[in-house]
1. From (1) more than 15 Å from Ala72 (Cα to Cα); (2) of a type outside the set (D, E, K, R); (3) modelled with pLDDT of 75 or more; (4) open to solvent by 30 Å² or more (accessible area, probe 1.4 Å), pick out the condition that doesn't hold for His175.
2. Just give me the residues in region 49-72 being at pLDDT 90 or above and surrounded by fewer than 23 Cβ atoms within 10 Å (Cβ to Cβ), in sequence order.
3. Here are some conditions: (1) open to solvent by less than 10 Å² (accessible area, probe 1.4 Å); (2) at pLDDT below 95; (3) over 27 Å from Gln149 (Cβ atoms). Pro102 meets all but one. Which one does it not meet?
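The values are calculated or read from the model by the stated rules, or taken from the named source; none is laboratory data. Remember, predicted model here, so these are calculated numbers, not experimental data. Here Cβ is always computed from backbone atoms with ideal geometry, including for glycine, and neighbour counts include all displayed protein chains. Only protein heavy atoms, including side chains, enter the accessible area calculation; ligands, DNA and RNA are left aside. Shrake-Rupley method; radii C 1.70, N 1.55, O 1.52, S 1.80 Å.
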Amino acid sequence: SRKAEEEAAAVEMEEEEAAATKPPLATTLEGELLQAARDGNEAEVRRLMDSGVGPDPARTADETETALHAAAKAGHVALVRLLLRRGASLTARVKADKARSPLHVASHHGQADVVALLLESGAPVNAGEVANWRPLHEVSHTGHLKIAQQLIAAGADTNAHADGGGSSCLHQLYHQPY
């Protein structure tokens, strides 16, 4: 068993060394794609994807967002449309961001046009993140009532509770001061 522990420690050390030798994200094409998506630079996103960079790189800036998350957060509708046409995942989750989907992010940041596009494209309206927090929970705390209406019209479960109990989405919406 001591041998198994030593082997596990050696594997862990090799993985840490491999991670340390990866170039900083800013110097990778994936990092350039992410920055172009944040900036809304559609031409640069198109150029990078034409050169072979996929829309959902496996490694992003401390793994907080994909290009679709970044474009959705900033409200870049045309760029969101481009990324979706190029195969970006509507259900991509990022561990460091509580596994929120692009729809969670757009809802939280009040991007109604992006929310509409994501819903029209088939984004799951009731998808939960790690604590089963749904896009409607996001807007119940941020006051984006137009988005709440969009989500409810698309079938959002107003009675959904996050893990650990607490109030439903509808109850949270009702008790906010907006």
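1. Going through (1) more than 15 Å from Ala72 (Cα to Cα); (2) of a type outside the set (D, E, K, R); (3) modelled with pLDDT of 75 or more; (4) open to solvent by 30 Å² or more (accessible area, probe 1.4 Å) one by one, His175 breaks only (3).
2. Met49, Asp50, Ser51, Gly52, Val53
3. Every listed condition holds for Pro102 apart from (3).
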